[in-house]
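The values are calculated or read from the model by the stated rules, or taken from the named source; none is laboratory data. All of these numbers come straight from a predicted model, not from anything done at the bench. Please note: Cβ atoms are built from the backbone with ideal geometry, for glycine as well, and neighbour counts cover all protein chains shown. The accessibility values were calculated without ligands, DNA or RNA, using every heavy atom of the protein model including side chains. Shrake-Rupley method; radii C 1.70, N 1.55, O 1.52, S 1.80 Å.
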Amino acid sequence: MKAYQELSREELLSLKSELERAYEEEKGKGLKLDMSRGKPSVAQLDMVMDIFDVLSSDSDMTSMEGVDVRNYGVLDGLVEAKHMMADIMGVPAENVIIYGNASLNIMYDAVSSAMTHGVMGCTPWGKLEKVKFLCPVPGYDRHFSITQYFGIEMITVPMTSRGPDMDMVEKLVEEDDSIKGIWCVPKYSNPQGYTYSDETVRRFAHLKPAARDFRIFWDNAYAVHHLYDEEERQDKLLEILSECEKAGNPDMVYEFASTSKVSFSGAGVAAIAASRGNLDCIRKTLTIQTIGYDKINQLRHVRYFKNFDGIKAHMRKHAALMRPKFETVLKALERELAGTGIGQWTNPRGGYFISFESMEGCAKAIVAKCKEAGVTLTGAGATYPYGKDPRDSNIRIAPTYPTPEELALATELFVLCVKLVSVEKLLER
């Protein structure tokens, strides 16, 4: 296929007329499709409905340690729930605290507590003149929203296929004591679907931060979210807690995970994994913050999945539903845009997103045209701090929620909008 940049003005004008006619036809279909967030599909949620059958009015409501889960007690989670979440993260159960239904809430609490009370005896961030966070980009918009909410200055770090630019991370962290943290989605990253290499994880573990209270916010949201069953097609992530301990930095990382995209998005189980020192500080806050999280839900999840093999078997069912959707999008992008020079995209082996890079200055217009024709995408710029993509080129594609039929229509429209906006941009030049 000929690159659009090689077309003459006359050829571009002819192509523009053809694309505009096709776009008007798409608008006439009255589509109303939402691809704005990485939500599990209805079929994925239906698949776990029998979790409600695990507990009933005549069930034994005591944990393996004899705790009555209906009552007060066990501030940091049932032992069996700790083992379940530890297996997902690949860490020892003694390094885990169980929270409520969302890991995002734990991340918010960690930043909030650092702002008001500091980290392990250090000066509260809120009393400092300047607090900064590193933000690999493109990245997860809700991470950036937390740091923006607290007035923390965000510094972008480019992502590579092996993880963040570690030369830049090391230089910034080791020279500036106002840098207190970095956001990371280390496995099947949001939105690119990259997994950090072993070298990247080890370089994180060996950081020598200028700030004693610097923390790596390791959001392992997609730890078990493979698209393929064959192990050779599944990404592997080096376990960072043990690497930090070996490097003499045991306290440097907070790791987060949940079952939000394993069981129910609104009613899962979330956890943090960290060093003993970090967990002791967190427990002091928890004694003030809560009388305990939902132990009934923790017990329900443990009895439903039984063990890590049960979780992996369940996630293979998820993959069977999601894999064809990702392949539908990727095949359409390859068929319609390969060789045109107007777009590049990632080909992830897990997670929930495909990252698309348009020509510079086109992303907002592409998203707007899709919305005008009835397909809502994540807002252009959302994958950057403050919602500002300096190149206006990144678009996050979330294939999981629509039905296969809806996804085919949405992808067809997306490709059409990419072509039309790109032609308009080239004609402007």
Over region 298-313, the set of residues buried (at least 18 other Cβ atoms within 10 Å of the Cβ) and farther than 18 Å from L104 by Cα is L299, R300, H301, V302, Y304, F305, I311
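Condition check ((1) of a type in the set (D, E); (2) closer than 30 Å to K236 by Cβ) across all residues:
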| site | (1), (2) |
| --- | --- |
| Q5 | no, no |
| L13 | no, no |
| D34 | yes, no |
| P40 | no, yes |
| D68 | yes, no |
| H83 | no, yes |
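Yes/no per residue for (1) farther than 23 Å from W183 by Cα; (2) in contact (Cβ under 8 Å) with a residue 24 or more places away in the chain:
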position: T378; (1), (2): no, yes
position: S393; (1), (2): no, yes
position: E405; (1), (2): yes, no
position: A408; (1), (2): yes, yes
Filtering helices (runs of 4 or more DSSP H) wholly in region 264-375 for at least 2 residues that are more than 27 Å from E230 (Cβ to Cβ), among the polar types (S, T, N, Q) and more than 19 Å from the chain's Cα centre (by Cα) gives 276-289, 295-305
Practice task
Please work out if N71 is modelled with pLDDT of 95 or more and surrounded by 21 or more Cβ atoms within 10 Å (Cβ to Cβ).
Solution key: no
Residue set V54, V48; condition farther than 28 Å from Y254 by Cβ, touching a Phe, Trp or Tyr at 6+ places or on another chain (Cβ under 7 Å) and modelled with pLDDT of 95 or more; output residue V54
Requested in this report: For T123, indicate whether it is β-branched (V, I, T), assigned to a helix (DSSP H, G or I), more than 16 Å from the chain's Cα centre (by Cα) and surrounded by fewer than 20 Cβ atoms within 10 Å (Cβ to Cβ).
Outcome: no
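Could you tell me whether M154 is open to solvent by less than 50 Å² (accessible area, probe 1.4 Å), not small (G, A, S) and not in a helix (DSSP H, G or I)? Please lay out each step first, then the result.
Details: open to solvent by less than 50 Å² (accessible area, probe 1.4 Å): yes; not small (G, A, S): yes; not in a helix (DSSP H, G or I): yes.
Judged against the criteria, M154 is a match.
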Every listed condition ((1) modelled with pLDDT of 95 or more; (2) farther than 28 Å from M120 by Cα) holds for E231 save (1)
Looking across region 330-384 at residues that are within 19 Å of E20 (Cα to Cα) and of a type in the set (D, E), the single one that is surrounded by the most Cβ atoms within 10 Å (Cβ to Cβ) is E336
Reported set for region 30-48 where residues are within 21 Å of D141 (Cα to Cα) and open to solvent by 30 Å² or more (accessible area, probe 1.4 Å) is D34, R37, K39
Of the listed residues (A22, A43, A3, A81), the one being over 23 Å from T411 (Cα atoms) and of a type in the set (A, V, I, L, M) is A81
Checked region 238-275 for anything of a type in the set (A, V, I, L, M) and open to solvent by 20 Å² or more (accessible area, probe 1.4 Å); matches are L238, A247, A267
Within region 251-286, the count of residues that are of a type in the set (S, T, Y) and under 29 Å from S59 (Cβ atoms) comes to 5
Exactly one of A110, A102 is open to solvent by 10 Å² or more (accessible area, probe 1.4 Å) and under 23 Å from V173 (Cβ atoms), and that residue is A110
Among (1) open to solvent by 40 Å² or more (accessible area, probe 1.4 Å); (2) touching a residue at least 24 places away in the same chain (Cβ under 8 Å), D53 falls short only on (2)
Here the residues within region 415-429 that are closer than 12 Å to A363 by Cβ and not charged (D, E, K, R) are C417, V418, V421, S422
Picked from region 401-429 (must be assigned to a helix (DSSP H, G or I) and hydroxyl-bearing (S, T, Y)), the residue surrounded by the most Cβ atoms within 10 Å (Cβ to Cβ) is S422
Residues that are at pLDDT below 95, open to solvent by 50 Å² or more (accessible area, probe 1.4 Å) and more than 30 Å from P402 (Cβ to Cβ): does region 1-12 have at least one? yes
Notebook entry, point to check: For T156, are the conditions met, namely being farther than 24 Å from V131 by Cβ and at pLDDT 95 or above?
Noted result: no
**Prompt:** If we scan region 102-115, do we find a residue that is under 20 Å from V224 (Cα atoms), outside any helix (DSSP H, G or I) and under 24 Å from the mean Cα position of the chain (by Cα)?
**Reply:** yes
Q) Does region 164-171 include one or more residues that are open to solvent by less than 50 Å² (accessible area, probe 1.4 Å), farther than 23 Å from T383 by Cα and not in a helix (DSSP H, G or I)? A) no
